Structures are given as structure tokens and as C-alpha cells.
Amino acid sequence: MGSGRVRRGYRDQVSEPAANYSDYQAGIYANGMFAGELPAVSTDLAGLEERARAVLSPEALGYIVPSAGSGATARANRAAFDRWRIVPRMLRSGTRRDLSGTILGTPVPAPVMIAPVGVQTLAHPDGELATAAAAAALALPYIHSTAAAHSFEEVAEASADGPRWYQLYWPTDDDVCISFLHRAKASGYSVLVVTLDTVLLGYRPADLDRGFLPFLRLQGLANYLDDPAFLDGLAKPPAEDPGAAVLRWAGMFPNPGLSWRDLPFLREHWDGPIVLKGIVSVDDARLAAEHGMDGIVVSNHGGRQVDGAIAALDALPDIVAAVGEQLTVLFDSGVRTGADVVKALALGAQSVLIGRPVLYGLALGGQQGVEHVLRCLLADLDLTLALSGYTSHRQLSHQTLALAGSP
């Protein structure tokens, strides 16, 4: 793919590894001017959705792009980013930027990680294998979804030495839950991310109008179909009786009875950090701290669950003020560009999870498409920091931003 050649071509022209993520931009210019090579996937991060629409099937398009109900929550996410404006400062930056850090024991080169996204084979046949390999190439944490089209073990092999976390959709079957946790730990997933906002599927007209739910075709169930505890509940292998496998899954995925009282169960079976994903209420953030959790993801699932909900970015500052000293606060929902990442970090997030843009890169170029999108995002983040007067994301604060319309 063109983006891969751009990177290697530019690196051949320099005497040492790139010092800053923004050097990827210089490489694209160099390859365009001197080799006539252009990126195969656009560098316009905000425009990736439009380009991905041209290659996604109607079913994939309906599942990946739209949100719950009228889409009001997804629009609110973007409007929240637009309300905040970066206030650049002059003559304060430097030739080198340091975006590295450690998140819940995981060393990271930048405050960016791959959000858990299910059924990635809808975007590209390689699915999660390509995404995990691309994340590993940049040493960014990849978060593996319970609803993946490839299993824990397959993705761990594709990820190799890359950092990886596991996202749990908590099944109603305790034995299956325990088996998932043990398999994830044995496969090198170091942090558990428990999604709380999807105990039921949200109302999604784009899927409903097509009558399309991939799990009913056994898509996105690889972790289940390879699991001994799940298979113990079946009279026949899924290949011989797929209907029974679907029914068994359908009996354990919706789990609206979960409560805060259930969290100690996870501590009994997981000895690493635990993060709760889907927090947009200060009261819930405080409850997470009271129940001994290690972190939270301020998220509304990218608008895919509750129509008309609060924008995740609007919830972030108050949550950080309430529990930022007690919990690691991560963020997702609505992030599209490096400037978006800067805004979330300035409002107190310690790292940002990237979801849909990764899927768009996957659809447009497989593993190399994902890697290109991630390199573009990091370049945009690095340049936004430098041009705003910072040499590290750790220097960002509320003073970095102003609300639109403020003096």
C-alpha cells in the first residue's frame, strides 16, 4: 500500500529514526515530490467516513457508521468537540516532543489506544488480526472485544509483543465469564475493560431496517465458539447445529440484571487492573472508585446505545474533578482528529480510545490502512501540540482551551 512505502521511503533518507510523530507528514511530502507516491488512504481523518462508505457493504455500513435512534448522541459528541477551541501559545515549543507514558502499568509511546470494536470482519476479511498487528507496529495498546470475529488466542498471535487489553461483555453464565477471563490472562491481555452501557443492544434503526444482526449468523462470536465452557452447553458443535449456538449466545449476552454488587466477582477471577467503560455520570464515577476499580472510560459508546444522551466530552471535566485523583480516567466517543485528542487530554483524560476511524482505515486498506490512519492521527496530535506551544501532552490543562464565544 502507498502509505507503507511512504514510511519506508522517507526513513531511507534520514540517518536516524524519526524523533517526532509529525515526521510522518514530512515523509508523505518527500515521497510525493521525489517518488511520485501518494498515500493509498486519505490523510483527511475527518473525511474517512465518507471514503469508507464507498467500499463497505450495506450491512457493514449500517452496523459500523450509524448510531442509536435519531443519532442525536453522536451529533452531540461532535458538537462538544466543536465548542472547545485550542488557544495556541507562541515561542514555547521545542524540536522534540515526548508523548510517552504509562497507563495502568502499560508503557505507551503516546496517549492513544485502540477502542474495543466488534465484528471487524465486516470492514475487512482480516478484521481484528489486521488491527491488532497495526497497533503492535506502533506499540499502541489494542483492546480486544468480546464480540470479535477472531478469538483471544488468534489476536494474541497477531499482536505478538504488542500491548493488549481485554474488553468484557459480561455474560449471564458465570462459567463462560470465568473462562473468558482466564483465556484472556493466559493470552497476555493485561487490563480488563468491562463495558457497562451495553447490557442490552440500543435501538439502531439502520440495523433494524435491514433486519441485520451479525451475531445471529455466528459473526462476531469467535471467543464464544472457541470456548470450552460455552461448548459444554451445546449438544453438538456449532458447525453441526448453528441455531443452538446462536440460542445459547442469545441467552447469555443480554445481561440487564448486572449491578454494582457483582463487581467483586471480577476481582475473584482477574488479578490485573479493572476499568469500567461507559461512565458519563459523576455519581457512577464515584461508585467505581468506591468499589475499588482502577479506572474508567468516559464514553457513551460513540452514541450507539442511548439516543439523546449527554456528550461524553461534556461529561469529562466534572468526572475528572470528582475522581481524577483516585482513578485512571480514559476517554472515547466522537474522536476523529489529533486536535480532538488534545482537547480530551486537556480536559483531563489520561489517554484516548480510537474506534470508528480505525474501522474506516481497515475498510480502506486492511492492516496498512489502520497503521496509516494511526500514524496520521499521531502526526496530527504531535503537530497540534507543537503548534500550540507544548512539548508534551502532560503540559495540557483547561487553560489550553477556551469555549467558543468566550472572550
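The values are calculated or read from the model by the stated rules, or taken from the named source; none is laboratory data. Because the structure is a prediction, the values reported are computed rather than measured. Every residue, glycine among them, receives a Cβ derived from its backbone with ideal geometry; neighbour counts consider all protein chains shown. Surface accessibility is based on the protein's heavy atoms, side chains included, excluding ligands, DNA and RNA. Shrake-Rupley method; radii C 1.70, N 1.55, O 1.52, S 1.80 Å.
General remarks:
- Probe 1.4 Å, all protein chains present, accessible-area order of Asp226, Asp207, largest first: Asp226, Asp207
- Against the main long axis of the alpha-carbon atoms of the chain, helix 23-34 sits at an angle near 70°.
- Residue of Gly118, Gly243, Gly62 that the Gaussian network model of the chain assigns the largest fluctuation, springs spanning Cα pairs under 10 Å: Gly243
- To the nearest 10, the accessible area of Leu38 is 130 Å² with a 1.4 Å probe.
- 0 to 90° range, to nearest 10: angle between helix 127-137 axis and the chain longest Cα axis: 40
- DSSP beta bridges confined to region 99-203 are antiparallel in about 25 percent of cases.
- Surface share of carbon and sulfur [accessible, 1.4 angstrom probe, percent] for the chain: 52
- Applying a DSSP loop filter and a limit of 11 other Cβ atoms within 10 Å to the trypsin sites (Lys or Arg not before Pro) in region 224-274 leaves nothing.
- Normalised per residue, the accessible area of region 243-313 is 40 Å², obtained with a 1.4 Å probe and no contribution from ligands, DNA or RNA.
- log10 of Debye I(q)/I(0), alpha-carbon scatterers only, for the chain at 0.11 Å⁻¹: -0.80
- Among Thr131, Thr102, Thr384, the sequence by solvent-accessible area, most first, with a 1.4 Å probe is Thr102, Thr384, Thr131.
- Convex hull of region 352-407 built on C-alpha atoms - directionally averaged projected area, nm²: 5.2
- Partner aspartates and glutamates whose Cα lies under 15 Å from the Cα of Lys185, excluding those fewer than 8 positions away in the same chain, are identified as Glu153, Glu154, Glu157, Asp161, Asp227, Glu268, Asp271.
- In degrees, nearest ten, helix 174-186 long axis to first principal axis of the chain (Cα): 40
- Size of electric dipole in the chain: Cβ of Lys, Arg +1 and of Asp, Glu -1, about Cα centre, debye, nearest 20: 1280
- Average accessible surface for region 60-155: 35 Å² per residue, computed with a 1.4 Å probe over protein heavy atoms with every protein chain in place.
- Antiparallel %, DSSP beta bridges [both residues in the chain], to 5: 20
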